[in-house]
Amino acid sequence: MFPPKQLNLMVELRNKQLDKATVKRTTGEEILKFFGLCLLMTRFEFGNRASLWLTTAPWKYIPAPRLGDSGMSRDRFNSLWRYFLFRPTRGETRGHVP
């Protein structure tokens, strides 16, 4: 799905951000699960992201998305969403954050 070099860079950059925020570090496997959930979200109509983790259907004939069954909690998804980076930000180089 992703070139290993890019996946490792995303994990490294995100972990730097998560460490600053004192949030649990991530892994490549969790990043791939995150992207899988992002793709799955495109299959649902929703007013806010939190509604995708509902376990009861908001409508009679449309089942609840239940993304919590994926193994990633809504809070963890939001943490990863908040600190997501594809490349170093301005003034930051690999291996060094000023």
Candidate set from region 42-60 (those that are aromatic (Phe, Trp, Tyr) and out of contact with any Pro (no Cβ under 7 Å at 6 or more places or on another chain)); member that is modelled with the highest pLDDT: Trp53
Residue selected from region 22-50 under the condition acidic (Asp, Glu) and in a helix (DSSP H, G or I), by the criterion surrounded by the most Cβ atoms within 10 Å (Cβ to Cβ): Glu30
Tally of residues being touching a residue at least 12 places away in the same chain (Cβ under 8 Å) and surrounded by 13 or more Cβ atoms within 10 Å (Cβ to Cβ) across region 51-75: 11
Answer residue from region 61-98, given it is aliphatic (A, V, I, L, M) and in a loop (DSSP other than H, G, I, E, B) and is modelled with the lowest pLDDT among those: Val97
In region 1-21, the residues that are closer than 13 Å to Arg82 by Cα and open to solvent by less than 30 Å² (accessible area, probe 1.4 Å): Leu13, Arg14, Asn15, Leu18
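The values are calculated or read from the model by the stated rules, or taken from the named source; none is laboratory data. The model shown is predicted, which means the values in this text are computed figures rather than measured ones. No Cβ is skipped: glycine too gets one built from the backbone with ideal geometry, and neighbour counts run over all protein chains shown. The protein model used for the area step is the full one, side chains on, heavy atoms only, and it has no ligands, DNA or RNA in it. Shrake-Rupley method; radii C 1.70, N 1.55, O 1.52, S 1.80 Å.
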